[in-house]
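A short write-up of the structure that comes next.
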Amino acid sequence: MTAPGASSEPSRDASAARSDEAQRLAILLPLPLGGAYDYLAPPGMSLAAGDFVSVPLGRREVIGVVWGPATGEVEAAKLKSVIERLDAPSMPEPVRRLVDWVASYTVSPPGAVLRMAMSVPAALVPLPPRLAYASAGGTPDMIADQCAIRMTPARRRVLELLSDGPPRGASEIAHEAGVGAGVVSALIAAGAVVPVALPARAPFAGPDWQRPSPALSVAQQTAADSLRARLADAFSVTLLDGVTGAGKTEVYFEAIAEALRRGRQALVLLPEIALSAQWLERFEQRFGARPAEWHSDLTGAARRKTWRAIAEGRARVVVGARSALFLPLAELGLIVIDEEHDGGFKQEDGVVYHARDMAIVRAQLTGIPAVLVSATPSLESVVNVQAGRYARLELPDRHGDAELPEIEVVDMKRQPPERGRWLSPLLHGALSQALTAGEQALLFLNRRGYAPLTLCRACGHRMQCPHCTAWLVEHRLAGRLQCHHCGYAMPVPRHCPSCAAPDSMAPCGPGIERVAEEVLGAFPDARFLVLASDTIAGPRQAAEIMRSIREREVDVIIGTQVVAKGHHFPMLTLVGVVDADLGLAGGDLRAAERTYQLLHQVAGRAGRAAHPGRVLLQTFMPEHPVIGALTSGNRDRFLAEEAEARRERGMPPFGRLVAIIVSGHDVEAVEAAARGLGRTAPRSDEVEVLGPAPAPFAVLRGQHRRRLLLKAPRRVNVQALVRAWIGANKTPASVRIQVDVDPYSFL
Ligand code: ADP
Ligand code: ZN
């Protein structure tokens with residue numbers, strides 16, 4: 001009990017009092033409850049903030065994190081004790097502060113945010129030792145004798161394999177010897193093959209910053225030097241603003257090398273990690289090893305291994321989707337957010353947060369630099385540069401001799417396609433030219449499937465999802481009508497479900513499959529590829545697809561926004577935007593900005609190498625400012641005008657918005673709750689609350705939805721207002737209230 005070597009024993013009372021105080025701790029559990037709960041540490045267990053512990057909760061045992069000193073709200077006698085401290089590196093302090101920060105900013109329970117920071121509970125227990133097997137010793141025939149087994153050719157192969165090789169896992173043995181798993185397990189059971197323990201932790205091959213970097217251009221070198229200089233330990237945000245193909249990736253790789261040289265870890269956030277095979281290859285070329293990857297396609301075992309390697313500091317560079325933000329990198333020295341303008345960084349379910357913004361918070365809490373990278377920066381970031389909060393580094397030219405592509409407008413009112421077709425004669429001609437020249441073309445349409453709407457020619461009935469306020473989309477290859485919101489699917493009906501007219505259902509408007517059909521009809525010899533989120537099964541297939549494009553096994557790519565981002569296809573010279581107006585409809589705050597970014601990125605796929613690129617935008621609104629900005633290339637004027645319009649209306653980033661979404665199965669309960677919130681809304685001279693109104697998706701997955709929108713100047717603490725407002729409204733358990741601070745979706 002007493003520490004050995006203690007020179008004098010303190011009085012019992014004093015030590016008891018002291019340890020009693022030290023034993024009371026607040027522990028946060030990864031559950032959407034309130035805040036942390038107090039527990040007692042049993043005698044002899046020394047715990048510090050950040051430690052992972054298991055504690056009793058009701059009849060369950062839950063893993064939580066020691067959050068700090070006890071709140072003292074419950075008297076000591078009523079407190080339960082911690083069961084054990086888990087054998088895992090403790091949660092770094094900046095991550096704990098980030099959890100609290102995100103919870104407070106997004107008006108979410110801290111436990112709900114903690115859950116994202118400990119998404120792999122299995123990684124909190126050390127990996128079991130890996131079992132490997134070796135031969136029992138001696139020649140195969142001697143072993144067979146000793147263990148009294150009959151020798152078979154398969155058994156001989158296994159014993160021979162092991163007689164001159166290192167120990168390995170059972171499945172590896174079966175694979176290498178070319179035998180079934182049963183052969184190996186029978187040999188194990190007979191004692192002819194014996195287990196040996198290997199160390200559990202295979203080292204994570206680390207990226208090597210000492211490998212030579214490519215020769216950088218003067219502009220690239222200048223930018224890289226400035227970034228490197230920012231790696232001294234202090235918070236800063238830098239916008240790396242460079243045209244598509246400028247070599248921004250090469251430049252921030254130099255900052256990563258510098259972080260590694262300083263013995264720090266680096267985190268790179270990408271909007272769509274499943275499609276970043278090319279990025280991973282380039283990283284490996286530069287650093288000689290792959291980074292640790294973090295995204296939703298990882299298997300459970302890979303998640304566990306990766307999380308543990310990150311927590312133990314064995315993984316030095318992590319690349320991931322938005323959820324990587326909460327990983328326990330204890331020696332983090334740099335955060336890069338590539339394609340920072342991308343909407344994919346906004347998480348819309350559960351805790352609603354923007355990973356770019358919260359990554360900057362993490363950098364600030366850690367005291368390290370953050371780098372935002374984009375060819376089309378968000379208005380938020382540009383305004384922050386203008387206000388002097390962020391620094392900007394510019395790369396105005398493409399790398400090497402590549403030129404930015406020429407962007408031309410096709411006025412669809414004056415040069416319409418033939419009836420029932422979607423490609424204008426101009427685009428058709430350009431496509432034909434590119435194919436004759438042996439070059440590649442990309443046709444971009446941000447719509448999956450064959451047709452966005454199916455209607456009855458006799459009565460006008462439209463096929464709608466039974467669970468959502470949405471039309472069903474025909475997917476002809478799959479032979480179905482599908483809801484893109486809830487996954488509902490049905491065959492295309494022969495008869496109209498409303499008027500029973502036979503063979504009257506007709507597709508309306510194009511999706512990518514329909515454009516592909518037109519291409520196939522016009523160019524039967526062209527090899528084409530239809531690319532959308534639902535035609536790519538996973539990262540491996542994505543990598544294979546990208547390879548086949550680079551190696552020119554494909555002539556025409558017809559795709560949605562998945563093809564817009566980051567890819568580098570040297571032989572791609574023509575980009576045709578089938579419907580440039582698609583994103584401009586509707587009253588979304590960011591419709592213009594988002595359309596500009598998307599189309600600019602798509603256009604940026606053309607002419608990235610020696611062959612000059614050409615971009616054709618099909619539009620019915622050639623005079624629209626977004627189309628004008630794209631063709632003139634005057635991005636900064638467009639952003640300035642967009643900023644002015646938002647400033648006048650007090651809209652973000654000059655004002656604050658908070659959306660409240662009320663939803664539930666019972667339409668009356670939802671309606672009543674929404675009206676209650678409307679009545680008690682914190683309206684004032686400064687604060688405006690719109691709604692409640694039915695959401696554009698008034699029903700989604702069977703849930704009825706109502707929206708309210710709070711608008712206030714930046715100086716108002718909207719979180720405090722919203723917390724008090726919602727806290728004062730008692731809503732039935734069947735009604736869900738979701739708070740979306742800084743909303744990006746208005747659906
Ligand atoms: P961005 O991210 O700005 O769109 P990338 O970093 O993808 O541009 O670069 C475009 C292409 O040019 C890539 O194939 C890249 O490898 C190549 N590149 C850029 N800079 C260099 C350089 N200094 N040396 C060799 N290749 C480069
Ligand atoms: Zn649906």
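The values are calculated or read from the model by the stated rules, or taken from the named source; none is laboratory data. Source: prediction; values computed, not measured. As a convention, Cβ positions derive from the backbone with ideal geometry for all residues, glycine included, and neighbour counts pool all protein chains shown. The area values use the complete protein model at the heavy-atom level, side chains included, leaving out ligands, DNA and RNA. Shrake-Rupley method; radii C 1.70, N 1.55, O 1.52, S 1.80 Å.
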Out of all the residues in segment 213-232, which are farther than 12 Å from GLU258 by Cβ and not in a helix (DSSP H, G or I)?
-> PRO214, ALA215, LEU216, SER217
Based on what the data block shows, is VAL55 more than 23 Å from LEU329 (Cα to Cα) and surrounded by 15 or more Cβ atoms within 10 Å (Cβ to Cβ)?
-> yes
Across segment 481-496, what is the number of residues that are open to solvent by 60 Å² or more (accessible area, probe 1.4 Å), near ligand 2 (Cβ under 8 Å from one of its atoms) and closer than 16 Å to PRO507 by Cα?
-> 0
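Rundown of residues vs (1) touching a His at 6+ places or on another chain (Cβ under 8 Å); (2) of a type in the set (D, E, K, R); (3) more than 26 Å from LYS565 (Cα to Cα), yes/no style:
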site: PRO405; (1), (2), (3): no, no, no
site: GLU408; (1), (2), (3): no, yes, no
site: PRO425; (1), (2), (3): no, no, yes
site: GLY449; (1), (2), (3): yes, no, no
site: ARG457; (1), (2), (3): no, yes, yes
site: CYS468; (1), (2), (3): yes, no, yes
site: ARG480; (1), (2), (3): no, yes, yes
Please indicate, with yes or no, whether at least one residue in segment 673-686 is open to solvent by less than 20 Å² (accessible area, probe 1.4 Å) and within 29 Å of the chain's Cα centre (by Cα).
-> no
Criterion (surrounded by fewer than 15 Cβ atoms within 10 Å (Cβ to Cβ) and among the hydroxyl-bearing types (Ser, Thr, Tyr)) met by exactly one of SER663, SER632 = SER632
Six or more apart or on different chains, Cβ under 9 Å: which pairs go from a residue in segment 476-500 that's hydroxyl-bearing (Ser, Thr, Tyr) to one that's assigned to a strand (DSSP E or B)? Could you list them?
-> TYR488/LEU481; TYR488/GLN482; SER498/CYS456
Within segment 262-280, is there a residue that is open to solvent by 20 Å² or more (accessible area, probe 1.4 Å) and free of Cβ contacts under 8 Å to residues at least 60 places away in the same chain?
-> no
Within segment 695-737, restricting to residues that are closer than 18 Å to LEU589 by Cα and out of contact with any helix residue (DSSP H, G or I) (no Cβ under 7 Å at 6 or more places or on another chain), the one that is least open to solvent (accessible area, probe 1.4 Å) is ALA695
Somewhere in segment 395-405, is a residue within 28 Å of PRO524 (Cβ to Cβ) and not hydrophobic (A, V, I, L, M, F, W, C)?
-> yes
Candidate set: segment 326-346, residues that are assigned to a helix (DSSP H, G or I) and open to solvent by less than 10 Å² (accessible area, probe 1.4 Å); chosen: the one nearest to GLU93 (Cα to Cα) | PHE326
In the set PRO207, PRO203, which member is within 30 Å of ARG264 (Cα to Cα) and at pLDDT 85 or above?
-> PRO207
Residues of segment 171-182 being aliphatic (A, V, I, L, M) and either buried (at least 18 other Cβ atoms within 10 Å of the Cβ) or assigned to a loop (DSSP other than H, G, I, E, B) (or both), in sequence order, are ILE173, ALA174, ALA177, VAL179
Failed item in (1) part of a strand (DSSP E or B); (2) surrounded by fewer than 19 Cβ atoms within 10 Å (Cβ to Cβ); (3) not β-branched (Val, Ile, Thr), with TRP67 passing the rest | (2)
Of the residues in segment 211-221, how many are open to solvent by 80 Å² or more (accessible area, probe 1.4 Å) and in contact (Cβ under 8 Å) with a residue 40 or more places away in the chain?
-> 1
Could we say that SER533 is over 27 Å from LEU574 (Cα atoms), touching a residue at least 12 places away in the same chain (Cβ under 8 Å) and away from ligand 1 (no atom under 16 Å from the Cβ) here?
-> no
If only one of LEU47, LEU86, LEU131 is open to solvent by 20 Å² or more (accessible area, probe 1.4 Å) and free of Cβ contacts under 8 Å to residues at least 40 places away in the same chain, which one is it?
-> LEU47
Qualifying residue in segment 447-467 (condition: more than 16 Å from ligand 2 (Cβ to nearest atom), buried (at least 17 other Cβ atoms within 10 Å of the Cβ), under 30 Å from PRO612 (Cβ atoms) and not β-branched (Val, Ile, Thr)) | yes
Keeping to segment 568-585, report how many residues are surrounded by 22 or more Cβ atoms within 10 Å (Cβ to Cβ) and of a type outside the set (A, V, I, L, M, F, W, C).
-> 2
